[in-house]
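The block underneath contains the structure these notes are about, expressed in structure tokens.
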Amino acid sequence: MIRHHLSDALLMAYSAGQLPEAFSLAVATHVSLCDECRARLESFDAVGGVLLEDCAETGMAEDSFAATMARIKSGAPQPRMVPPAPARGIFPAPLRDYVGGDLEAVRWRPVGGGVRQAILPTDRAATARLLYIPGGVAVPDHGHRGTELTLVLQGAFRDEVDRFARGDIEIATEELEHTPVAEAGEPCICLAATDAPLRFNSLVPRMLQPLLRI
Ligand code: ZN
Ligand code: ZN
């Protein structure tokens, strides 16, 4: 039962192929777990398709097809992720593709307090990382300079906002200062996408930020 969903703005930007790769990955992963957001995305895709058809009727430049193909081949702008397929393990299909497998394929690095992370290969406009938080452990409280999307894949965490369990996505912006704490029990595993370095409130994590790229 998913209670925390994507915003219209994120779904629209994803539909239009406007998101940084790390955010696209988080959106695609949530959508593959969430029927509600998948339905909303389909309606945005349909609206986008109608807009494209309207543009076509007003006439396109002779070389627009070649230009479009060249842009697709050059890989820019960021292409849409493939449509989601049902999940088999903890990781839904879009995430499995990035990791090259499920949980066993992740190369974790310790970041202190039993917390581990793995940064995923995306373009540099935003960072995507997997987080492993042992039950009962807190991630240091921090604010955000940009937007942070946190999608729960296993277990659950709580912060000042609410409780987040598998499939829930938290959208944190500059206004939010929070201390996510993993619930007691199984480790909480999340996919987090950030478009600016987090602003940690205690000195040591701040010193480590450049090394950890968080
Ligand atoms: Zn949703
Ligand atoms: Zn945060």
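The values are calculated or read from the model by the stated rules, or taken from the named source; none is laboratory data. Because the structure is predicted, anything quoted here is derived from the model rather than measured. All Cβ positions, glycine included, derive from the backbone under ideal geometry; neighbour counts span all protein chains shown. Accessible surface areas use protein heavy atoms only, side chains included; no ligands, DNA or RNA. Shrake-Rupley method; radii C 1.70, N 1.55, O 1.52, S 1.80 Å.
Sparse packing (at most 10 other Cβ atoms within 10 Å of the Cβ) combined with a DSSP loop state is found for the following trypsin sites (Lys or Arg not before Pro) in region 85-176: ARG88, ARG107, ARG124.
If you keep only loop residues by DSSP, which chymotrypsin sites (Phe, Trp or Tyr not before Pro) in region 88-162 have at most 13 other Cβ atoms within 10 Å of their Cβ?
Working: sites: TYR98, TRP108, TYR132, PHE157; in loops: TRP108.
Sites meeting the loop and neighbour criteria: TRP108.
Please report the net charge: other residues with Cβ closer than 13 Å to the Cβ of ILE2, K and R +1, D and E -1. Spell out each step's value before the answer.
Details: positive: ARG3, ARG38, ARG40, ARG163, ARG166; negative: ASP35, GLU36, ASP162, ASP168, GLU170.
The answer is 0.
Would you work out what percent of the accessible area of region 1-45, with all protein chains in place, is carbon or sulfur (probe 1.4 Å)? Here it works out to 53 percent.
Please work out whether region 84-151 counts as rounded, prolate or oblate from its C-alpha gyration tensor, where a ≥ b ≥ c are the square roots of the eigenvalues and a/c under 1.5 means rounded, while otherwise a/b larger than b/c means prolate and anything else oblate? Walk me through the intermediate numbers first.
Values: a/c = 1.83, a/b = 1.30, b/c = 1.41.
In terms of gyration-tensor shape, oblate.
In region 1-44, which trypsin sites (Lys or Arg not before Pro) fall in coil by DSSP and have 11 or fewer other Cβ atoms within 10 Å?
Details: sites: ARG3, ARG38, ARG40; in loops: ARG3.
Of the trypsin sites (Lys or Arg not before Pro), the ones in loops of region 1-44 whose Cβ has at most 11 other Cβ atoms within 10 Å are ARG3.
Per-residue extension of 0.36 nm, minus the Cα-Cα distance of GLU42 and ALA9, leaves a gain of 10.5 nm for this segment. Stretched out straight at 0.36 nm per residue, the stretch from ASP35 to MET1 would grow longer than its current Cα-Cα span by 11.2 nm. Between GLN18 and ILE90, the contour length at 0.36 nm per residue exceeds the Cα-Cα span by 23.2 nm.
With all protein chains present, how much of the accessible area of region 85-199 (probe radius 1.4 Å) comes from carbon and sulfur, to the nearest whole percent?
Values: 2540 of 4980 Å².
About 51 percent, which is the carbon plus sulfur part of the accessible surface.
Model label sites at ALA138 and ARG107, defined 7 Å from Cα along the beta-carbon direction, differ in position by 3.3 nm.
Amide H contacts under 5 Å for HIS142: HIS178, restricted to partners 5 or more places along the chain or on a different chain, H placed in the peptide plane at 1.01 Å from N.
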